[in-house]
Amino acid sequence: MPVCATCGQENPEIARFCLRCGAALEAVAPTREVRKTVTVVFADVTGSTKLGERLDPESLRRVMGRYFAEMKGALERHGGTVEKFIGDAVMAVFGIPMLHEDDALRAVRAAAEMRDRLVQLNDELERDWGVRLLARIGVNTGEVVAGDASAGQTLVTGDAVNVAARLEQAAQPGDILIGANTRQLTRDAVDVESIDPLTLKGKEEPVSAFRLLDIRPDVEGVVRRLDSPMVGRERQRAALANAFEAAVAESSCHLFTVLGAAGVGKSRLVREFLSSLRPETDARILRGRCPRLWGGHHLLAGEGSDHAGSGHWRQ
């Protein structure tokens with residue numbers, strides 16, 4: 001039944017204009033399901049049943065509320081979407097609604113921060129309620145089917161979700177287990193320890209898993225090789241060169257923003273252009289990088305962006 005966006009009146013299916021206010025009724029577009037590669041994070045509190053025996057319901061609710069708030073904060077700070085809380089478990093997805101090149105690394109960084117935050121939170125919980133929480137985390141990357149994000153349907157389904165949940169269940173308290181695909185996409189930025197292949201419920205073959213030990217700061221998940229020649233992009237490279245020459249001739253600052261979908265080659269384009277400059281005569285080149293972005297800046301970086309200004313270049 002069409003609902004008027006202006007006054008909220010429900011109207012019959014055949015109505016083209018609202019029967020109350022006369023506003024035009026917009027046709028409701030069918031929702032679209034999409035197949036995407038995402039990274040799923042599952043976290044669960046161990047020993048929650050015993051915790052419930054020690055605390056009265058109100059205190060337990062406050063304890064879990066603080067836990068969920070900290071975990072949600074860590075996940076969203078790295079660009080994850082918290083899909084749901086299930087009892088004492090948290091499920092989040094990286095790649096919904098916006099896909100990033102480094103979703104797997106974002107997810108692993110978020111998982112590590114969740115573990116660190118829990119250590120700090122436990123000091124508060126022990127002081128106020130005399131309890132400490134232990135959690136285990138599973139991270140897995142793979143294809144899923146997702147609902148239409150524009151319609152608020154972020155639910156994802158697929159084997160990648162099931163494996164992430166099974167990895168979490170197989171982890172020891174305090175551990176973070178990551179799947180083989182996640183390991184492959186973060187191999188240059190993380191230190192891991194191989195464990196014996198896991199026999200997981202619902203999987204016919206054993207599943208490879210790795211215990212996260214450490215994350216190297218300021219390192220890409222997969223360091224890019226730039227030894228192959230760049231093909232094409234003459235028009236874009238010319239636009240960069242023209243903007244730089246204009247900035248030098250006018251002695252003014254220009255901001256050049258390169259936008260494009262993840263993986264299209266924005267960083268490579270900027271690197272190729274910067275390599276054509278002579279730092280000793282043309283410009284002083286400064287580089288900056290922020291692996292942890294959130295808020296509005298995070299959305300811009302999620303689409304993928306590189307910025308360049310005359311004299312000072314920001315990448």
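What the table shows:
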| item | result |
| --- | --- |
| Restricting segment 176-191 to residues that are open to solvent by 30 Å² or more (accessible area, probe 1.4 Å) and either touching a helix residue (DSSP H, G or I) at 6+ places or on another chain (Cβ under 6 Å) or assigned to a loop (DSSP other than H, G, I, E, B) (or both), the residue that is farthest from I86 (Cα to Cα) | D188 |
| All strands (runs of 3 or more DSSP E) inside segment 196-315 with 2 or more residues being modelled with pLDDT under 85 | 255-259, 305-309 |
| Subset of segment 88-115 that is farther than 21 Å from G142 by Cβ and touching a residue at least 40 places away in the same chain (Cβ under 8 Å) - its residue that is least open to solvent (accessible area, probe 1.4 Å) | D88 |
| Residue satisfying all of: in segment 66-87; acidic (D, E) and in contact with a strand residue (DSSP E or B) (Cβ under 8 Å, 6 or more places away or on another chain); surrounded by the fewest Cβ atoms within 10 Å (Cβ to Cβ) among these | E76 |
| Residues being of a type in the set (G, A, S), within 22 Å of M114 (Cβ to Cβ) and open to solvent by 70 Å² or more (accessible area, probe 1.4 Å) - total across segment 192-222 | 0 |
| Condition broken by E143, with the remaining ones in (1) buried (at least 19 other Cβ atoms within 10 Å of the Cβ); (2) in a strand (DSSP E or B) satisfied | (1) |
| Candidate set: segment 1-21, residues that are at pLDDT 80 or above and open to solvent by less than 40 Å² (accessible area, probe 1.4 Å); chosen: the one nearest to A160 (Cα to Cα) | C4 |
| Any hit, segment 153-167, residues being among the charged types (D, E, K, R), crowded, with 20+ Cβ neighbours inside 10 Å and in contact with a helix residue (DSSP H, G or I) (Cβ under 7 Å, 6 or more places away or on another chain) | no |
| Answer residue from segment 116-132, given it is charged (D, E, K, R) and within 24 Å of Q169 (Cβ to Cβ) and is least open to solvent (accessible area, probe 1.4 Å) among those | R117 |
| Pair list, Cβ under 7 Å, 6 or more apart: segment 156-168 residue assigned to a helix (DSSP H, G or I), other residue of a type in the set (D, E) and open to solvent by 20 Å² or more (accessible area, probe 1.4 Å) | A160/E143; E168/D44 |
| Of residues in segment 39-60 being polar (S, T, N, Q) and assigned to a strand (DSSP E or B), the one most open to solvent (accessible area, probe 1.4 Å) | T46 |
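The values are calculated or read from the model by the stated rules, or taken from the named source; none is laboratory data. From a predicted model like this one, the values you see are computed outputs, not experimental measurements. So basically every Cβ, Gly included, is an ideal-geometry build from the backbone, and we count neighbours across all protein chains shown. Ligands, DNA and RNA are excluded from the accessible area calculation, which covers all protein heavy atoms including side chains. Shrake-Rupley method; radii C 1.70, N 1.55, O 1.52, S 1.80 Å.
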